Amino acid sequence: MNPFTPIIKGLKITLDHLFKKPVTRQYPTERPKVSPRFRGLHALNMSHDKAKCVACYLCPTVCPAKCITVEAAEDANHDKYAAVYEIDMIRCIFCGYCVEACPVDAIRMTGEFELANYRREDFIYTKERLLEKK
Amino acid sequence: MVNLTIDNRQVTAPRNATIYEAAKINGIHIPILCHDNKLKPFGACRMCLVEVEQMKGRQIPACTTPVTEGMIVTTSTPDIIKARKLVLELLLLNHPLDCPVCDKGGDCDLQNLSYDYKISSNRFHDQKFQHKIDYNNPLIERDMNRCILCGKCVRICDEIVSFGALTFIGRGIETKIGCEFDEALNCEFCGSCVSVCPVGALLARPFKFKARFWAMEKKRSICGYCGTGCNLTLGVKEGKVLTTVYDENQGFHRGQLCVRGRFGYQFINNEKRLKKPLIRKNGALVECGWDEALQLAASKIRNGSETAAIATPRLTNEEFFLFRKLMKGIGSENFDHAAGYAHKALTSGFARSLGSAASTAMVNDIQKSDMLLVIKTDSYETHPVIGFEINIAVKDKGVKLNIVSDKNGKLGKLPGARTFVHLPGSETLLINALCSSVIKQKLVSSTAASLPDFKEYAKGIEAFSPEKAASLCGISPEEINSLAADFASSKKAMILFPTGVAYPGHDSELATALANLAILAGKVEGEGCGLLCLPEKNNSQGAVDTGFYPTGKGLDALSVFDAIEDGRIKTLFLAGENPVVSYPDEARIKRALEKLDFLVLTTLFPTETAEYADLVLPASSYAEKEGTFTSAGGHVQYFAPVIPKAGDSRTDFEIISSLIKLTGGEAASNPSEIFAEIASTLDGYAGMTYENLGENGAFTAVKTRPALILPQTQAPALRKPEEFSLVTGALLYHNGTLSQFGEGPMHVSPESYAEISRKDASRLGIKENDTITLTSDSGSMQLAARVSLRIPEGVVFIPNHFSANPVNAIWSGKPVTPVALSR
Ligand code: SF4
Ligand code: SF4
Ligand code: SF4
Ligand code: SF4
Ligand code: SF4
Ligand code: FES
């Protein structure tokens with residue numbers, strides 16, 4: 001084969017791209033639009049100003065990364081609620097099993113994916129933090 | 001045996017088996033909801049429907065139908081599955097389906113069956129139940145909305161517990177399980193109903209929402225309270241004991257537990273548990289390291305002749321054995337347990353009358369007997385699960401029950417049971433009268449008559465003829481004669497009696513008197529016969545077997561306190577005991593403890609006694625260690641640790657082992673080696689190893705050599721008319737002082753009280769819960785009054801478990817203490 005053919009082929013591709021619309025997204029100035037099915041940071045759903053979660057322990061049971069901590073407690077009406085609900089985002093693998101397991105539609109996954117942080121503790125999402133994500 | 005075919009398999013089953021049982025024995029699964037192998041067949045749920053060819057293919061319940069020869073059974077056909085699905089759909093019709101918040105989820109028969117039979121929709125529609133949930137007691141939540149009316153709770157409370165708190169009320173769709181007049185549950189709180197409920201209608205409140213069933217490890221252990229030796233399954237999560245789990249295949253009692261066993265486990269993870277050794281510096285207890293603590297203890301106990309040790313009967317056999325070695329090693333003979341007198345029935349009474357310090361009967365003799373003679377109705381309170389065995393024996397097996405007691409009680413309410421209420425403190429006298437009556441009525445067995453000491457004994461016992469004894473014990477000669485005849489002429493008869501610190505009257509003399517009765521009637525040994533001593537604590541029998549009591553010139557526990565006062569004993573080693581609260585005469589115990597040069601205490605909790613200690617060593621509970629316990633009737637059972645040790649605590653085994661090394665001895669470092677030594681030195685334990693004890697344990701071999709010995713019997717002092725006779729005893733909800741650290745028992749029985757008869761109460765104008773003052777020679781105290789029908793006139797009963805206001809303020813260890821009572 002002519003030793004120049006591959007070089008010419010390569011340059012042709014380069015030339016092609018010079019006249020195409022660039023695919024690079026100018027993140028962070030330019031933000032992606034995530035699909036509704038995107039599996040990002042969790043959020044706890046609310047109903048009547050209260051977390052819907054009834055602390056059934058199904059999500060911590062099903063979670064393959066074992067990153068969910070639930071501690072149930074009894075409220076004044078003898079009802080069950082999650083006194084502690086925490087997700088360790090360092091360990092979460094965003095599989096979405098928790099959402100699927102929840103019998104009361106108390107947890108969903110949002111489009112939020114910017115989860116970087118400076119300190120390890122900040123990756124622990126407590127009930128309050130998860131509830132804020134309306 | 002009967003031959004039949006189940007699902008095309010040729011199988012055999014016992015003649016009296018039901019189809020369900022026959023299938024189960026042969027490994028064929030038939031779903032059930034309302035059946036329990038401990039209860040009588042009921043047939044309420046129709047989940048177990050099967051087809052029997054001989055019955056023209058009709059569907060019949062397997063749990064109530066007995067097998068017959070040649071029966072051809074099919075357990076699963078499309079029709080049967082359809083029928084079972086219908087049953088489930090109808091059950092789910094009004095069921096709330098709140099599995100996410102229901103504690104039974106994951107362990108629920110209804111949930112599991114709905115899953116197995118794929119019930120994902122319902123063809124029927126109706127409203128859900130709207131029953132009010134009973135939150136009135138702290139231990140059992142009753143949510144009748146989830147009830148499937150299987151009736152198991154009703155039946156277990158009646159058939160086994162014999163309390164009868166629950167029943168069906170209402171008709172048709174309105175039917176529900178309720179208590180008397182549909183009021184709140186107020187019962188023994190044994191939790192048996194909770195354990196058998198197939199759904200989440202009855203739940204243990206102390207465990208509510210603590211963990212899911214599947215998230216817990218289920219670990220076997222032995223109950224650490226009384227001498228019954230019930231097996232436990234503990235639900236453990238993250239190193240904490242969260243609950244007890246019902247296992248119907250466990251132990252002679254098939255998973256049955258009493259309130260202490262089921263709801264009293266919280267002491268294990270109680271926050272008050274000691275985590276670090278404490279040393280007294282400048283008058284205050286401060287934390288220190290183990291090395292320092294052990295060095296100090298070793299240096300203090302080194303002078304054996306001035307050292308004594310008293311242990312709680314809750315230590316393991318291995319610990320007792322090692323402890324004895326330590327004491328012998330330092331040259332001390334002064335070691336004892338259980339206040340020094342609570343074991344005398346065995347160590348002195350049985351030892352001289354029967355030739356060994358052990359019971360001749362076992363717990364499983366109870367149901368095989370023809371007649372039970374129970375000393376004190378308190379036997380139910382001290383050993384509730386043995387009480388269940390008695391209930392079953394009487395109600396199911398037709399065993400006769402005779403009770404001699406100083407008060408009435410629950411056992412006496414069993415069908416056909418007779419209670420002979422004697423004057424307090426006259427039990428030995430009464431048993432002597434029974435013996436004398438057996439001789440008079442010529443009912444003496446030939447073996448007894450041929451004993452060398454028979455003649456002399458018969459002569460001596462004449463002084464206790466029923467006529468003479470009657471006025472002293474308050475039971476008529478006719479009754480004594482009839483009871484004696486009843487006992488001696490029963491083919492099989494058994495004697496049961498509790499011992500314990502609260503029962504000083506149950507001493508060697510009573511044990512000898514009872515042994516005489518059994519010997520005379522020829523009921524010492526054999527199936528359904530014998531004497532069964534019910535020792536107070538989980539390893540009281542083991543403490544005796546391993547010889548942790550003084551012989552020869554050693555001082556017994558109470559003499560140790562005398563010796564402290566006159567300066568002969570300077571160092572005291574208390575292992576787990578809390579004598580300030582549980583031993584007689586609080587003032588004297590405190591006086592002695594104050595006088596001590598050095599008190600070292602191993603304990604789980606900072607008890608009242610710890611306030612006198614110079615060194616407090618945090619010990620581990622049974623759930624944190626390995627060893628064996630020997631329970632009533634010589635049942636040796638092995639248990640392994642289920643959780644890590646609390647804080648820096650160490651087992652008594654480790655502590656004693658270190659002390660042996662520090663005092664120049666040699667000690668095995670693990671319990672199995674010591675157990676091997678026990679097995680090779682104690683005849684009763686010969687051949688036992690941890691491996692062959694396995695899950696079922698083994699029984700100690702008992703050799704008997706009956707001898708008739710006349711017990712020393714004192715007539716109870718006649719009380720002055722204005723005085724009351726104080727008797728101490730145990731409560732159903734407690735065992736020793738340990739149960740005070742279990743939440744469950746304290747929820748239902750938080751404080752001490754003085755129980756008096758209704759007649760006395762109305763005579764003195766005392767009402768329930770009035771504060772009354774009791775004064776004896778040794779002190780005075782105030783308690784809330786409890787007015788009851790079971791106490792005879794002139795008697796006041798006070799339990800001995802409570803640290804707050806302990807009874808030993810006025811009780812000096814006599815079987816009966818005269819007290820003045822005022823408002
Ligand atoms: S599965 Fe749902 S209800 Fe259950 S604990 Fe998780 S979030 Fe709460
Ligand atoms: S009883 Fe069983 S089926 Fe009913 S709510 Fe509880 S777990 Fe679910
Ligand atoms: S706790 Fe025991 S006594 Fe009370 S209702 Fe249940 S079974 Fe009966
Ligand atoms: S409460 Fe439980 S055990 Fe009792 S009948 Fe209902 S389902 Fe059965
Ligand atoms: S306290 Fe005694 S009777 Fe009750 S569960 Fe424990 S061993 Fe059994
Ligand atoms: S299990 Fe047979 S009818 Fe309920």
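Return a yes/no flag: does segment B:245-261 have any residue that is away from chain A (no Cβ under 14 Å), within 16 Å of ligand 3 (Cβ to nearest atom) and free of Cβ contacts under 8 Å to residues at least 60 places away in the same chain. Even if it seems obvious, please write down each step before you answer.
Initially, segment B:245-261 is screened for residues away from chain A (no Cβ under 14 Å), giving B:245-261.
Restricting the remaining residues to those that are within 16 Å of ligand 3 (Cβ to nearest atom) gives B:246, B:248, B:253-261.
From what is left, the residues that are free of Cβ contacts under 8 Å to residues at least 60 places away in the same chain are B:246.
Within segment B:245-261, one or more residues are away from chain A (no Cβ under 14 Å), within 16 Å of ligand 3 (Cβ to nearest atom) and free of Cβ contacts under 8 Å to residues at least 60 places away in the same chain.
Among (1) part of a helix (DSSP H, G or I); (2) hydrophobic (A, V, I, L, M, F, W, C); (3) within 16 Å of ligand 2 (Cβ to nearest atom), which single condition is B:LEU86 missing?
So B:LEU86 meets the others, but not (3).
So for segment B:98-120 (the condition being in a helix (DSSP H, G or I), among the polar types (S, T, N, Q), away from ligand 1 (no atom under 16 Å from the Cβ) and surrounded by 15 or more Cβ atoms within 10 Å (Cβ to Cβ)), does at least one residue qualify?
Looking through segment B:98-120, at least one residue is in a helix (DSSP H, G or I), among the polar types (S, T, N, Q), away from ligand 1 (no atom under 16 Å from the Cβ) and surrounded by 15 or more Cβ atoms within 10 Å (Cβ to Cβ).
From (1) within 14 Å of chain A (Cβ to nearest Cβ); (2) part of a loop (DSSP other than H, G, I, E, B); (3) more than 16 Å from ligand 4 (Cβ to nearest atom), pick out the condition that doesn't hold for B:SER76.
(1)
So in segment A:62-80, with the set limited to residues that are surrounded by fewer than 17 Cβ atoms within 10 Å (Cβ to Cβ) and assigned to a loop (DSSP other than H, G, I, E, B), which one is farthest from ligand 1 (Cβ to nearest atom)?
Among those residues, the one meeting the criterion is A:ALA76.
Can you name the residue in segment B:130-156 that is within 14 Å of chain A (Cβ to nearest Cβ) and assigned to a helix (DSSP H, G or I) and, of all such residues, is nearest to B:LEU97 (Cα to Cα)?
Only one residue tops the list, namely B:ARG146.
Out of curiosity, is A:ALA72 out of contact with any Lys or Arg (no Cβ under 8 Å at 6 or more places or on another chain), closer than 18 Å to B:ALA215 by Cβ and within 11 Å of another protein chain (Cβ to nearest Cβ)? Full working, then the answer.
Numbers: out of contact with any Lys or Arg (no Cβ under 8 Å at 6 or more places or on another chain): no; closer than 18 Å to B:ALA215 by Cβ: yes; within 11 Å of another protein chain (Cβ to nearest Cβ): yes.
Taking the combined requirement at face value, the residue does not satisfy it.
Is it the case, given these coordinates, that B:ALA308 is surrounded by 22 or more Cβ atoms within 10 Å (Cβ to Cβ), in contact (Cβ under 8 Å) with a residue 12 or more places away in the chain and assigned by TED's automatic domain parsing to the domain that holds B:HIS337?
For B:ALA308, the condition - surrounded by 22 or more Cβ atoms within 10 Å (Cβ to Cβ), in contact (Cβ under 8 Å) with a residue 12 or more places away in the chain and assigned by TED's automatic domain parsing to the domain that holds B:HIS337 - is met.
Does segment B:756-765 hold any residues that are surrounded by 21 or more Cβ atoms within 10 Å (Cβ to Cβ) and not polar (S, T, N, Q), and which are they?
B:ILE756
So that you can scan it fast, the table gives a plain yes or no per residue for (1) on the phi > 0 side of the Ramachandran plot; (2) more than 14 Å from chain B (Cβ to nearest Cβ); (3) in a loop (DSSP other than H, G, I, E, B); (4) without any contact (Cβ under 8 Å) to a residue 60 or more places away in the chain:
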site: A:ASP16; (1), (2), (3), (4): no, yes, no, yes
site: A:PRO28; (1), (2), (3), (4): no, yes, yes, yes
site: A:PRO60; (1), (2), (3), (4): no, no, no, yes
site: A:VAL104; (1), (2), (3), (4): no, no, yes, yes
site: A:TYR118; (1), (2), (3), (4): no, yes, yes, yes
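Inspect all residues belonging to segment B:210-225 and state whether any of them is within 16 Å of ligand 6 (Cβ to nearest atom) and away from chain A (no Cβ under 14 Å). Working first, answer last.
Going through segment B:210-225, the residues within 16 Å of ligand 6 (Cβ to nearest atom) turn out to be none.
No: segment B:210-225 contains no residue that is within 16 Å of ligand 6 (Cβ to nearest atom) and away from chain A (no Cβ under 14 Å).
Could you check segment B:27-62 and list, in sequence order, the residues that are in contact with a strand residue (DSSP E or B) (Cβ under 8 Å, 6 or more places away or on another chain), in a loop (DSSP other than H, G, I, E, B) and under 25 Å from B:SER114 (Cα atoms)?
Across segment B:27-62, the qualifying residues are B:ILE28, B:ILE30, B:PRO41, B:GLY43, B:ARG46, B:CYS48, B:ARG58, B:ALA62.
Restricting to segment B:473-532, name every residue that is without any contact (Cβ under 8 Å) to a residue 12 or more places away in the chain and either in a loop (DSSP other than H, G, I, E, B) or touching a Phe, Trp or Tyr at 6+ places or on another chain (Cβ under 6 Å) (or both).
Matches in segment B:473-532: B:SER476 only.
Which residue pairs have Cβ atoms closer than 8 Å, lie 6 or more positions apart in sequence or on different chains, and pair a first residue in segment B:165-186 that is touching a residue at least 40 places away in the same chain (Cβ under 8 Å) with a second residue that is more than 11 Å from ligand 3 (Cβ to nearest atom) and aliphatic (A, V, I, L, M)?
What qualifies is B:LYS176/B:MET144; B:LYS176/B:LEU149; B:LYS176/B:ILE169.
Go through (1) under 26 Å from B:ASP396 (Cβ atoms); (2) outside any helix (DSSP H, G or I); (3) in contact with a strand residue (DSSP E or B) (Cβ under 8 Å, 6 or more places away or on another chain); (4) not β-branched (Val, Ile, Thr) one by one and return the number of the condition B:GLY164 breaks.
(3)
Does segment A:43-52 include one or more residues that are within 14 Å of another protein chain (Cβ to nearest Cβ) and among the hydrophobic types (A, V, I, L, M, F, W, C)?
Yes, there is a match, as at least one residue in segment A:43-52 is within 14 Å of another protein chain (Cβ to nearest Cβ) and among the hydrophobic types (A, V, I, L, M, F, W, C).
The values are calculated or read from the model by the stated rules, or taken from the named source; none is laboratory data. Worth saying up front: this structure is predicted, and the values here are computed from it rather than measured. Glycine also receives a Cβ, built like all others from the backbone with ideal geometry; neighbour counts cover every protein chain displayed.
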